[in-house]
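Engineer: Have a look at this one before I ask anything.
Laboratory data are not the source of any read-out in this text; all were calculated from the coordinates shown. The structure presented is a predicted model; accordingly, all values stated were derived computationally and were not measured. Reconstructed Cβ throughout: ideal geometry from the backbone, glycine too, with neighbour counts over all protein chains shown.
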Amino acid sequence: MNLFLSKIKKKLIRVAKSALLEQRAKKGFYAVDLKTDAMGLGARIINMFEILLYCDTNGYIPAFKFNYLGEETINTDYFRELFVYKNLSAETLDSLQYTAVRDTSELEWKNYDKKLSLSIAKGLFDKYFSFNPMILDEVNSFAGKWFAGKQVLGIHYRGSDKTTEAPGITLEELCNCVIEILKNNPSLNLIFVSSDEEKAIQYLTDSDFPVSVIYRKDAIRSEDGEQIHLKKQNSKSIINRDALVNCLLLSKCDYLLKTASLLSDCSVIFNPKLKVRAMSAPYKYVTYWPTSEINEYVSKK
């Protein structure tokens with residue numbers, strides 16, 4: 001009985017929120033506040049792409065906020081700290097009524113994730129958005145200093161906090177895979193590593209690889225295996241900025257070695273031509289786009 005009532009409640013939430021968004025969208029704007037503590041930046045961006053495709057298909061102008069539970073949202077706009085709208089002014093955006101949802105499962109329309117592809121997503125992003133110039137400046141400055149004239153192996157490693165979503169990969173397994181890739185791709189002559197775990201960064205920089213290992217000095221990394229975006233004392237602005245800068249740096253690499261993570265999935269969205277090797281995939285019940293497309297591509301190679 002409780003399960004039945006729970007399903008009814010979720011159905012009513014979907015109907016109510018979808019109806020409210022459609023009512024407000026009569027003015028032309030589909031304004032969504034992805035307001036949750038459960039999603040990191042990668043998951044928010046993936047949800048954003050589903051909504052972008054829905055808007056583009058139905059003739060709505062998309063607008064977003066990224067917020068968190070328990071925060072005063074009037075003067076916060078984590079989305080605009082990261083991205084720039086191509087055709088909407090700040091005055092227009094501030095005048096909109098945003099509808100708060102935890103994720104797209106709270107909306108009545110379905111299956112837009114199944115209609116997405118890496119090429120479609122990249123086209124949608126380029127149509128509506130660009131990156132905050134300050135973030136682009138940092139990415140281009142880092143890449144210009146360290147990547148210029150190099151063939152770069154990018155590594156994105158997620159540690160113990162991902163084991164509920166995907167099989168764990170040990171650092172020893174990761175290093176063995178790196179050695180194999182370097183052996184089979186002798187043109188690769190630099191490693192860039194991104195990880196939210198301090199011990200992973202230290203382990204890789206201490207490893208005896210035949211090429212140099214570099215990393216960005218993020219402001220916050222986990223030292224206890226817990227997800228840093230779930231800790232309320234950590235600045236969301238700093239965490240999101242670190243995540244997006246690393247995501248874009250990984251997209252500028254020549255080869256990406258990754259464990260299961262939506263953030264580095266986004267690196268492939270922003271550079272669909274990126275060569276990828278995925279060491280782990282989410283368990284079936286959480287496998288969705290773009291992970292499904294990326295891992296299918298990897299499995300065919």
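Engineer: So what's the gap between the Cα centers of the range 235-267 and the range 35-51, to the nearest angstrom?
Structural biologist: The two parts, judged by their Cα centres, are 14 Å apart.
Engineer: Check cross-link reach from LYS7 to the lysines: straight Cα distance under 26 Å, and skip same-chain residues fewer than eight apart.
Structural biologist: LYS17, LYS35, LYS110, LYS114, LYS115, LYS284
Engineer: When each pair of different Cα atoms in the range 94-209 is counted once in the 1/r mean, what is the Kirkwood radius in angstroms, to one decimal?
Structural biologist: For the range 94-209, the Kirkwood estimate is 18.4 Å.
Engineer: Along the charge dipole of the chain, which of CYS55, ALA143, PRO210 sits closest to the positive end, that is, farthest toward it, with unit charges on the beta carbon of Lys, Arg, Asp and Glu (+1, +1, -1, -1)?
Structural biologist: CYS55
Engineer: Here is the link list: LYS183/LYS258; LYS217/LYS258; LYS65/LYS122. Which ones come out longer than 22 Å on Cα distance?
Structural biologist: Over 22 Å apart, Cα to Cα: no pair at all.
Engineer: Continuing with this model, one more query. Grab the DSSP H runs of the chain that are 4 residues or longer, score each as -39,500 (n - 2.57), total them, divide by all residues and round the 222 nm result to the nearest 500 deg cm²/dmol.
Structural biologist: -14000 deg cm²/dmol
Engineer: About the Cα centre of the chain, what is the dipole size in debye to 20, counting +1 per Lys and Arg Cβ and -1 per Asp and Glu Cβ, all else neutral?
Structural biologist: Roughly 1020 debye for the chain.
Engineer: Let me ask you something else. Which order do peptides 260-272, 190-202, 139-151, 49-61 fall in by mean Cβ count within 10 Å, highest first? Working shown, then result.
Structural biologist: Numbers: 260-272: 24.2, 190-202: 21.5, 139-151: 14.0, 49-61: 18.2.
The densest-packed peptide leads the list: 260-272, 190-202, 49-61, 139-151.
Engineer: Report for the chain the percent antiparallel among DSSP-assigned beta bridges with both residues inside it, nearest 5.
Structural biologist: 10
Engineer: Report the Stokes-Einstein translational diffusion coefficient (µm² s⁻¹, integer) for the range 2-65, Rh taken as the Kirkwood radius over Cα pairs, at 4 °C with viscosity 1.567 mPa s.
Structural biologist: Values: Rh = 13.1 Å.
The estimated diffusion coefficient comes to 99 µm²/s.
Engineer: What's the Cα-based Rg to Rh of the chain, Rh via Kirkwood?
Structural biologist: Using Cα coordinates only, the ratio equals 0.97.
Engineer: For the range 2-131, count all C-alpha to C-alpha pairs, find those more than 16 Å apart, and express that count as a whole percent of the total.
Structural biologist: 63
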